[in-house]
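J.: One structure, pasted below without further comment.
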Amino acid sequence: MTKRTIVSMPGDGIGRVVLEEAIKVLTAAGFEADYVEGDIGWEFWKKEGNPLPQRTLDLLENHKIALFGAITSKPKDEAFNELAPELQAKGLVYSSPIVGLRQHFNLDICLRPCKSYLGNPLNFIRRGAGGVIEEPAVDAQIFRQNTEGLYGGVEWSNPPKQVHDALMTNAKFKKNFGNTPVEELSVSTRIFTKKATERILRAAFAHAKKYGYKSVTLCEKPNVIRETSGMMYKMAQQIQKADYPNIELWNTNIDAQMMWLTKNPENYGVLVAGNMFGDIVSDGFAGLIGGLGFACSAQYNPDLGIAVFEPTHGSAPKYADYETSIVNPIAMIESACMMLDYLDEQEMAKKIRKAVAEVVSEGKVKTYDMMKMTGKPDVVARGAASTQMMAAAIIAKL
């Protein structure tokens, strides 16, 4: 195995502790790497007015692969108030560094797998025929377009005249909002491009074919959002018919999907959606496998060979200052396994996942979320495993 250099970006809050434990697991599994730390997150916003410094972009440009912990984001006014006083007159506006990272490197393909571990007390259960309790196995692979849509950042409050004039050329806007004072308007755009839409659709179909999933479900809203969702559905039909005729294409509306995922989650294999709906449905499926403590993700640009791997949970600042860390590191460890898959170290990833599965199924070591406790500082004293204890149990299995 070639020794690699990995950019580690702890970010904020619990990001540092879960990333540190994931690196310990990687090392114990035999993964050899040098880790260089990249500055990102709230502290750099407060001190420098930039939560994503150029030096961090340069590191990723050079080394290509990153493990990322978590970031803190706050509303506009709070962000301004926490900025260093000498920076507050410079007209700086906070924007999410992880969104900035995605857009800078066009990390437009996001994969969020949600696969249940046997024996996890947080797994979804339902009542079947005759009142029998069923625990369906969930294995959903969600592909989320990562750079466009509602998260594209093209929006205005009190839109300038040229924007308002352009909106007024749309008959529905003119009819429904034309008499609204411009200073009372806030507008966010939902922009899809054919190039990015085709890339995410093809990534989803290719994954389904490679790993033997029988279907790809497009989870959008083409019956209402006719231009963007409609374009995506039409392109999915064309790609499926031309290149993947043996894989079924299912079409579900996002609202109906959120109902069905708690009725028959085992029916779904690969799902694909735009940015916002992909975010929503991936969190929905994450809830079926234990919540954000088990939810991992990858985002990458295959053209540049740049990829970032991160848990989907936030920085949980209320837990960051606890003397003993209580958060579940499995999502971060699973994200590290996704990195190994990406680097063609599948056997090593399989070894770590097997160790995690054994710890979960044995049930002797459980973090507070797995014990259905409220996240208080005393949970370890009451029998829950700390972040470090969970990682150590996984390492022991390795």
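The values are calculated or read from the model by the stated rules, or taken from the named source; none is laboratory data. Note that the structure is a prediction, hence the values are computed from the model and not measured. Cβ sites come from the backbone with ideal geometry, for glycine too, and all protein chains shown count toward neighbours.
J.: Given the criterion more than 22 Å from Ala336 (Cα to Cα) and at pLDDT 95 or above, identify the matching residue among Pro121, Pro113.
T.: Values: Pro113 fails: more than 22 Å from Ala336 (Cα to Cα).
Result of the check over Pro121, Pro113: Pro121.
Matching residues to (1) in the same structural domain as Tyr342 (by TED's automatic domain parsing); (2) among the aliphatic types (A, V, I, L, M); (3) within 22 Å of the chain's Cα centre (by Cα):
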| residue | (1), (2), (3) |
| --- | --- |
| Val216 | no, yes, yes |
| Met231 | no, yes, no |
| Ile239 | no, yes, no |
| Trp250 | no, no, no |
| Ile254 | no, yes, yes |
| Met258 | no, yes, yes |
| Gly269 | no, no, yes |
| Ala273 | no, yes, yes |
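J.: Name the single residue, out of those in region 272-308 being aromatic (Phe, Trp, Tyr) and within 21 Å of Arg202 (Cβ to Cβ), that is surrounded by the most Cβ atoms within 10 Å (Cβ to Cβ). Write out each step before concluding.
T.: If we filter region 272-308 for residues that are aromatic (Phe, Trp, Tyr), which is where we start, we get 277, 285, 294, 300.
If we keep only those that are within 21 Å of Arg202 (Cβ to Cβ) too, we end up with 277, 300.
Values: Phe277: 28, Tyr300: 25.
Among residues in region 272-308 that are aromatic (Phe, Trp, Tyr) and within 21 Å of Arg202 (Cβ to Cβ), the one surrounded by the most Cβ atoms within 10 Å (Cβ to Cβ) is Phe277.
J.: I'd like to check something: does region 194-202 contain any residue that is buried (at least 18 other Cβ atoms within 10 Å of the Cβ), of a type in the set (Asp, Glu), closer than 20 Å to Glu227 by Cβ and touching a residue at least 12 places away in the same chain (Cβ under 8 Å)?
T.: no
J.: Let me ask something else. Quick test of your reading of the structure: Leu261 fulfils all but one of (1) within 30 Å of Arg126 (Cα to Cα); (2) at pLDDT 95 or above; (3) not acidic (Asp, Glu). Name the failing condition by number.
T.: (2)
J.: Could you tell me which numbered condition Met235 fails, if it satisfies all but one of (1) closer than 28 Å to Pro136 by Cβ; (2) touching a residue at least 24 places away in the same chain (Cβ under 8 Å); (3) not in a loop (DSSP other than H, G, I, E, B)?
T.: (1)
J.: Also: Evaluate the following for Leu292: is it closer than 29 Å to Ala196 by Cα and free of Cβ contacts under 8 Å to residues at least 40 places away in the same chain? Before the answer, list the steps.
T.: Working: closer than 29 Å to Ala196 by Cα: yes; free of Cβ contacts under 8 Å to residues at least 40 places away in the same chain: yes.
Taking the combined requirement at face value, the residue satisfies it.
J.: Got at least one residue in region 212-229 being touching a helix residue (DSSP H, G or I) at 6+ places or on another chain (Cβ under 8 Å) and in contact (Cβ under 8 Å) with a residue 60 or more places away in the chain?
T.: Yes; the residues of region 212-229 include at least one that is touching a helix residue (DSSP H, G or I) at 6+ places or on another chain (Cβ under 8 Å) and in contact (Cβ under 8 Å) with a residue 60 or more places away in the chain.
J.: Moving on to the next point. Can you name every residue in region 145-202 that is of a type in the set (A, V, I, L, M) and assigned to a loop (DSSP other than H, G, I, E, B)?
T.: Going residue by residue through region 145-202, those that are of a type in the set (A, V, I, L, M) are 150, 154, 163, 166-168, 171, 182, 185, 187, 191, 196, 200-201.
Scanning region 145-202 gives Leu150, Val154, Leu185.
J.: Turning to a different aspect of this structure: Looking at region 242-259, which of its residues are surrounded by 14 or more Cβ atoms within 10 Å (Cβ to Cβ) and outside any helix (DSSP H, G or I)? Outline the logic, then answer.
T.: Start the filter on region 242-259 by keeping residues that are surrounded by 14 or more Cβ atoms within 10 Å (Cβ to Cβ), which leaves 244, 247-254, 257-258.
Passing the criteria: Tyr244, Ile247, Glu248, Leu249, Trp250, Asn251, Thr252, Asn253.
J.: Does region 112-126 contain at least one residue that is more than 30 Å from Met259 (Cβ to Cβ), under 24 Å from the mean Cα position of the chain (by Cα) and either part of a loop (DSSP other than H, G, I, E, B) or of a type in the set (Lys, Arg) (or both)? Please lay out each step first, then the result.
T.: From region 112-126, those more than 30 Å from Met259 (Cβ to Cβ) are none; that's our starting set.
Checked against the condition, which is being more than 30 Å from Met259 (Cβ to Cβ), under 24 Å from the mean Cα position of the chain (by Cα) and either part of a loop (DSSP other than H, G, I, E, B) or of a type in the set (Lys, Arg) (or both), region 112-126 yields no hits at all.
J.: Taking the condition in contact with a strand residue (DSSP E or B) (Cβ under 9 Å, 6 or more places away or on another chain) and either free of Cβ contacts under 8 Å to residues at least 60 places away in the same chain or crowded, with 20+ Cβ neighbours inside 10 Å (or both), does Ile330 pass? Reasoning before the result, please.
T.: Values: in contact with a strand residue (DSSP E or B) (Cβ under 9 Å, 6 or more places away or on another chain): yes; either free of Cβ contacts under 8 Å to residues at least 60 places away in the same chain or crowded, with 20+ Cβ neighbours inside 10 Å (or both): yes.
So Ile330 fits the description; yes.
J.: Scan region 355-367 for residues that are surrounded by 13 or more Cβ atoms within 10 Å (Cβ to Cβ) and out of contact with any Ser or Thr (no Cβ under 8 Å at 6 or more places or on another chain) and jot them down. Walk me through it before giving the result.
T.: Narrowing region 355-367 to residues surrounded by 13 or more Cβ atoms within 10 Å (Cβ to Cβ): 355-360, 365-367.
The answer is Ala355, Val356, Ala357, Glu358, Val359, Val360, Val365, Lys366.
J.: I want to confirm something. Restricting to region 1-34 and keeping residues that are surrounded by fewer than 18 Cβ atoms within 10 Å (Cβ to Cβ) and of a type in the set (Ser, Thr, Tyr), which single residue is nearest to Leu67 (Cα to Cα)?
T.: Among them, the one singled out is Thr5.
J.: Could you check how many residues of region 1-26 are free of Cβ contacts under 8 Å to residues at least 40 places away in the same chain and either under 20 Å from Ala320 (Cβ atoms) or touching a strand residue (DSSP E or B) at 6+ places or on another chain (Cβ under 8 Å) (or both)?
T.: First pass over region 1-26, keeping only residues free of Cβ contacts under 8 Å to residues at least 40 places away in the same chain: 2-3, 20.
Restricting the remaining residues to those that are either under 20 Å from Ala320 (Cβ atoms) or touching a strand residue (DSSP E or B) at 6+ places or on another chain (Cβ under 8 Å) (or both) gives 3, 20.
Selection size over region 1-26: 2.
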